[in-house]
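Just so it is clear, none of the values below were taken in a lab; they were calculated from the coordinates. Computed from a predicted structure; not experimentally measured. Note that we place each Cβ from the backbone using ideal geometry, even for glycine, and neighbour counts take in every protein chain shown.
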Amino acid sequence: MSIRPIVITGEPVLHQRAAEVTEWNDDLKDLVEDMFDTMDEAPGVGLAAPQVGVGLRVFTYDYPDDDGNERRGVIINPTLEVGPISTELPDEDTEAEGCLSVPGERFPLKRAEHIRVTGLDLEQNPVEIVAEGWYARIFQHEFDHLDGTLYVDRLIEPYASMAASAVEEFGWGVPGCSWLPGRDDIDA
Ligand code: NI
């Protein structure tokens, strides 16, 4: 197991479509193990492979339900069905989203309340998850990563400009920026 550096917006792998997994080998197993370790250390509720610099369609998630029951796993080569997205303005308190690749920042964003995600686990068994609320938000966020979209790309004004200013202020938005969970103290 090891914790991998998380790349920050501007790194090209975050902004392009990730490739389908076609080889189910030890490299894939190591990647998924390291993604769990990195997600836990960050900590985050989800992590997509491009965030550790690997352009493959893989994400992990960890979001226990209100009773503390585990909802944790990996989805490989996912498909996502998304319900309607409200056209109301996002709530700054309850709909503020964050991303480990834009660390320390949060901005509100409307997402679909309901989703259905399917894909494969590490043993190539089919996975299907129907989710709502914040759990549904996580899958929309992680799936976006696999298509090269960050949540900040979806923001409306004034949040889009605020996010752009933050990226510029930190010197991000160019290749080569990353942080290491457990070493760099970033309140993501
Ligand atoms: Ni993210």
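Can you tell me which of Arg17, Arg72 is surrounded by fewer than 16 Cβ atoms within 10 Å (Cβ to Cβ) and within 16 Å of the ligand (Cβ to nearest atom)?
Arg17
Look through Glu128, Glu113, Glu88 and report the one residue that is more than 29 Å from Asp34 (Cβ to Cβ), among the charged types (D, E, K, R) and touching a strand residue (DSSP E or B) at 6+ places or on another chain (Cβ under 8 Å). Spell out the reasoning first.
Numbers: Glu128 fails: more than 29 Å from Asp34 (Cβ to Cβ); Glu88 fails: touching a strand residue (DSSP E or B) at 6+ places or on another chain (Cβ under 8 Å).
After ruling out the rest, the residue left standing is Glu113.
Counting just the residues of the stretch 1-41 that are assigned to a helix (DSSP H, G or I) and acidic (Asp, Glu), which one comes out nearest to the chain's Cα centre (by Cα)?
First, pick out the residues of the stretch 1-41 that are assigned to a helix (DSSP H, G or I): 12-15, 26-41.
Next, only the ones that are acidic (Asp, Glu) stay: 26-27, 30, 33-34, 37, 40-41.
On the way: Asp26: 23, Asp27: 21, Asp30: 19, Glu33: 16, Asp34: 15, Asp37: 15, Asp40: 13, Glu41: 15 Å.
Checking each candidate, the answer is Asp40.
For the condition in a strand (DSSP E or B) and among the small types (Gly, Ala, Ser), what is the one hit in Gly68, Gly44, Gly119, Gly104?
The match here is Gly119.
When residues of the stretch 28-82 are filtered for being of a type in the set (Phe, Trp, Tyr) and farther than 24 Å from Glu113 by Cβ, how many remain? Spell out the reasoning first.
Initially, the stretch 28-82 is screened for residues of a type in the set (Phe, Trp, Tyr), giving 36, 59, 61, 63.
Still in the running and farther than 24 Å from Glu113 by Cβ: 36.
Total meeting the criteria: 1.
Can you tell me which residue among Ala112, Ala131 is surrounded by 12 or more Cβ atoms within 10 Å (Cβ to Cβ), away from the ligand (no atom under 15 Å from the Cβ) and either in a loop (DSSP other than H, G, I, E, B) or on the phi > 0 side of the Ramachandran plot (or both)?
One residue alone meets the criteria, Ala112.
Would you please name the residue that is surrounded by the fewest Cβ atoms within 10 Å (Cβ to Cβ), looking only at residues in the stretch 144-184 that are charged (D, E, K, R) and within 15 Å of the ligand (Cβ to nearest atom)?
Filtering first and then ranking leaves Asp153.
Go through the stretch 98-109 and give me each residue that's surrounded by fewer than 23 Cβ atoms within 10 Å (Cβ to Cβ) and in contact with a strand residue (DSSP E or B) (Cβ under 7 Å, 6 or more places away or on another chain).
Result: Gly98, Pro103, Glu105, Arg106, Pro108, Leu109.
Within the stretch 165-185, which residues are within 23 Å of Met35 (Cα to Cα) and polar (S, T, N, Q)?
Residue satisfying the conditions is Ser178 alone.
Taking Leu122, is it within 16 Å of the ligand (Cβ to nearest atom), hydrophobic (A, V, I, L, M, F, W, C), surrounded by 14 or more Cβ atoms within 10 Å (Cβ to Cβ) and under 24 Å from Pro43 (Cβ atoms)?
So Leu122 does not fit the description; no.
Step by step: first the residues of the stretch 148-176, then only those that are under 11 Å from the mean Cα position of the chain (by Cα) and assigned to a loop (DSSP other than H, G, I, E, B), then the one that is farthest from Gly104 (Cα to Cα). Which residue is that?
To start, the set of residues in the stretch 148-176 that are under 11 Å from the mean Cα position of the chain (by Cα) comprises 148-151.
Checking the rest, the ones that are also assigned to a loop (DSSP other than H, G, I, E, B) come to 148-150.
Working: Gly148: 20, Thr149: 18, Leu150: 15 Å.
Filtering first and then ranking leaves Gly148.
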